[in-house]
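These notes are about the structure you will find just below.
The values are calculated or read from the model by the stated rules, or taken from the named source; none is laboratory data. On a predicted model such as this, the values are computed, not experimentally measured, just so you know. So basically every Cβ, Gly included, is an ideal-geometry build from the backbone, and we count neighbours across all protein chains shown. Protein only, heavy atoms only, side chains kept; ligands, DNA and RNA dropped before computing areas. Shrake-Rupley method; radii C 1.70, N 1.55, O 1.52, S 1.80 Å.
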Amino acid sequence: MPIDATQPYDDSNIFARILRGELPSKTVYDDEFALAFHDINPQAPLHILVIPKGAYVSWDDFSARASDAEIAGFVRAVGQVARDAGLVEPGYRLLANTGLDSHQEVPHLHVHIFAGRKLGPMLAR
Ligand code: 5GP
């Protein structure tokens with residue numbers, strides 16, 4: 001079910017539970033601002049999720065409320081994860097769903113990194 005990104009943060013969501021160590025994840029990156037792990041249901045040969053450590057529902061919430069340090073730390077982490085995975089030369093795609101029409105399912109901001117095959121043109125369907 002897609003979530004309403006205007007609702008307040010709900011700390012029972014699955015990524016909050018991963019951040020608290022209550023659920024396992026295949027972690028590929030961890031620092032003060034961000035955690036990155038493999039998606040449980042990959043949509044490409046490589047499908048990594050990068051999430052901020054802070055409690056933010058969506059890109060909208062994060063861009064409005066996060067500190068400059070959190071934003072810089074998170075954006076740098078996304079780039080670092082892609083570089084660490086050797087994705088700059090072959091290329092990769094970033095995606096951050098926000099709210100109902102995008103079909104965001106987990107109400108904690110996450111950036112998808114898709115890679116490992118030719119991803120084709122971006123399609124909004
Ligand atoms: P959204 O549709 O919200 O942009 O993407 C949510 C993503 O989270 C989906 O790609 C889904 O496969 C992934 N996901 C959902 N639950 C879990 C989980 O427990 N562990 C991991 N690693 N990924 C999850």
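For LEU123, the solvent-accessible surface with a 1.4 Å probe is about 90 Å², rounded to the nearest 10.
DSSP loop (so not H, G, I, E, B), at most 11 other Cβ within 10 Å: list which trypsin sites (Lys or Arg not before Pro) in segment 1-82 pass both filters. Could the numbers behind the result be given before it?
On the way: sites: ARG17, ARG20, LYS26, LYS53, ARG65, ARG76; in loops: ARG20, LYS26, LYS53.
Answer in residue order: ARG20, LYS26.
Ignoring any ligand, DNA or RNA, what whole percent of the accessible area of the chain comes from carbon and sulfur when the probe is 1.4 angstrom? Don't skip to the answer; put the middle values down first.
Working: 4030 of 7490 Å².
The value for the chain is 54 percent carbon and sulfur by accessible area.
To the nearest 0.05, what FRET efficiency results for ASP84 and TYR9 with a Förster distance of 35 Å applied to their C-beta separation? Intermediate values should be presented prior to the final figure.
Working: r = 28 Å, r/R0 = 0.81.
Here the calculated transfer efficiency is 0.80.
Each helix, a run of at least 4 DSSP H residues, gives -39500 (n - 2.57); summed and divided by the residues of the chain, these come to -7000 deg cm²/dmol at 222 nm. Take the Cα of ARG20, go 7 Å toward its beta carbon, and the backbone nitrogen atoms of segment 40-79 under 15 Å from that spot belong to 54-56. Of all the options ALA85, ALA77, ALA96, the one that moves most in a Gaussian network model of the chain with Cα springs shorter than 10 angstrom is ALA85. Between ALA64, ALA115, ALA16, the GNM of the chain built on Cα springs shorter than 10 angstrom shows ALA64 fluctuating the most.
In the context of the full set of protein chains, the chain has a per residue accessible area of 60 Å² (1.4 Å probe).
The chymotrypsin sites (Phe, Trp or Tyr not before Pro) of segment 17-50 include none that DSSP puts in a loop with a beta carbon having at most 10 other beta carbons within 10 Å.
Springs between Cα atoms under 10 Å define the GNM used for the chain, and in it the highest mean-square fluctuation of ASN13, ASN41, ASN97 occurs at ASN41.
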